[in-house]
1. Do you know which of the residues in segment 38-53 that are out of contact with any helix residue (DSSP H, G or I) (no Cβ under 8 Å at 6 or more places or on another chain) and among the aliphatic types (A, V, I, L, M) is surrounded by the most Cβ atoms within 10 Å (Cβ to Cβ)?
2. Looking at Asp130 and the list (1) among the acidic types (Asp, Glu); (2) surrounded by fewer than 17 Cβ atoms within 10 Å (Cβ to Cβ); (3) more than 30 Å from Asn20 (Cα to Cα), which single condition is not satisfied?
3. Would you mind telling me which numbered condition in (1) touching a Phe, Trp or Tyr at 6+ places or on another chain (Cβ under 9 Å); (2) surrounded by fewer than 15 Cβ atoms within 10 Å (Cβ to Cβ); (3) of a type in the set (A, V, I, L, M, F, W, C) Ile151 fails?
4. Using the structure shown, decide if Ala118 is more than 16 Å from the ligand (Cβ to nearest atom) and over 20 Å from the mean Cα position of the chain (by Cα).
5. Mind listing whichever residues of segment 35-67 are modelled with pLDDT of 90 or more and assigned to a loop (DSSP other than H, G, I, E, B)?
6. Out of the residues in segment 205-217 meeting the condition of being surrounded by fewer than 24 Cβ atoms within 10 Å (Cβ to Cβ) and away from the ligand (no atom under 11 Å from the Cβ), tell me which one is nearest to the chain's Cα centre (by Cα).
7. Tyr146 versus (1) open to solvent by less than 60 Å² (accessible area, probe 1.4 Å); (2) within 15 Å of the ligand (Cβ to nearest atom); (3) under 17 Å from the mean Cα position of the chain (by Cα): which is the lone unmet condition?
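The values are calculated or read from the model by the stated rules, or taken from the named source; none is laboratory data. Keep in mind it's a predicted model, so treat the numbers as computed, not measured. FYI the Cβ positions are ideal-geometry reconstructions off the backbone, even for glycines, and counts take in every protein chain you see. We work out accessible area using only protein heavy atoms, side chains counted, and drop any ligands, DNA or RNA first. Shrake-Rupley method; radii C 1.70, N 1.55, O 1.52, S 1.80 Å.
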Amino acid sequence: MSKFIVANWKSHKNIQGIKNWLTQFQTELASLPTSAQVIVLPPFPLLTMMKTQLQQNQPHLELGVQDLSPFPAGAYTGAVTGYNLQDLTVKYALVGHSERRRYFQENHQQIANKVAQAVAAEFIPIVCVDEPYLAPQAKAIEKKFYSKCIIAYEPIKAIGSGKNQAVNKVKQVVAKIQRFFGQVPVIYGGSVKPANAAEYLLVSDGVLVGGASLDGKKFARIVKKVEQD
Ligand code: PGA
């Protein structure tokens, strides 16, 4: 099975920053390993530009969004829906990142509604969970959507801290997640970098990368680890 390597740029980057990133990425990695599915999650306003750039230079990189409205298109000021994103070649929607839970007070039910909206838009939801709320989050999501999801195990303490989770623990939690959700792909996120990515690829279906994805060269070095898998 191929490995998902996901770049979560959060609220970083502008148009020039993306151009630089693509140059760095391409210089480091001319062609992607065949078993890697490389997904970039830019901020919403940069999706159009990313789509054009990727079509010209990197047709094998895929696009996703970092969040999605829990509502369909309608009178929901400020919210971005699947409908708004049509024709932008978006394939994935990250939902329930711990930063959304923490800074935007999102709860399990809202995140479950986002999963439903992602599926309705034919996006693949990437649902972020940490162990303490794995059970209630799974319960809130309609079971019929489980098989459509990728689950990202994101231990809060490991995010942005440089304290990546022990690989054995990740292995255990991947198995636990699959006991809840079935045989869905499970990826790991939390201080992944070129030096530790290979270990996580051995025990999971991929990695979700924040800080180390901001530099195109560094991120390409993580993608290269798939070849050694
Ligand atoms: P990090 O972020 O790689 O900077 O720890 C991961 C994430 O927030 O998904």
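1. First, the residues of segment 38-53 that are out of contact with any helix residue (DSSP H, G or I) (no Cβ under 8 Å at 6 or more places or on another chain): 39, 41, 43-45, 47-48, 51-52.
Then drop every residue that is not among the aliphatic types (A, V, I, L, M), which leaves 39, 41, 47.
Numbers: Ile39: 23, Leu41: 26, Leu47: 21.
The selected residue is Leu41.
2. Unmet condition: (2).
3. (2) is the only condition that Ile151 fails.
4. no
5. Ser35, Pro42, Pro43, Leu61, Gln66, Asp67
6. The qualifying residue nearest to the chain's Cα centre (by Cα) is Asp205.
7. Going through (1) open to solvent by less than 60 Å² (accessible area, probe 1.4 Å); (2) within 15 Å of the ligand (Cβ to nearest atom); (3) under 17 Å from the mean Cα position of the chain (by Cα) one by one, Tyr146 breaks only (2).
Listed here are the residues, each with its yes/no results for (1) assigned to a loop (DSSP other than H, G, I, E, B); (2) modelled with pLDDT of 95 or more; (3) open to solvent by less than 50 Å² (accessible area, probe 1.4 Å).
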| position | (1), (2), (3) |
| --- | --- |
| Leu32 | yes, no, yes |
| Ser69 | yes, yes, yes |
| Thr77 | yes, yes, no |
| Leu85 | yes, yes, yes |
| Ala93 | no, yes, yes |
| Arg102 | no, yes, no |
| Gln109 | no, yes, no |
| Val115 | no, yes, yes |
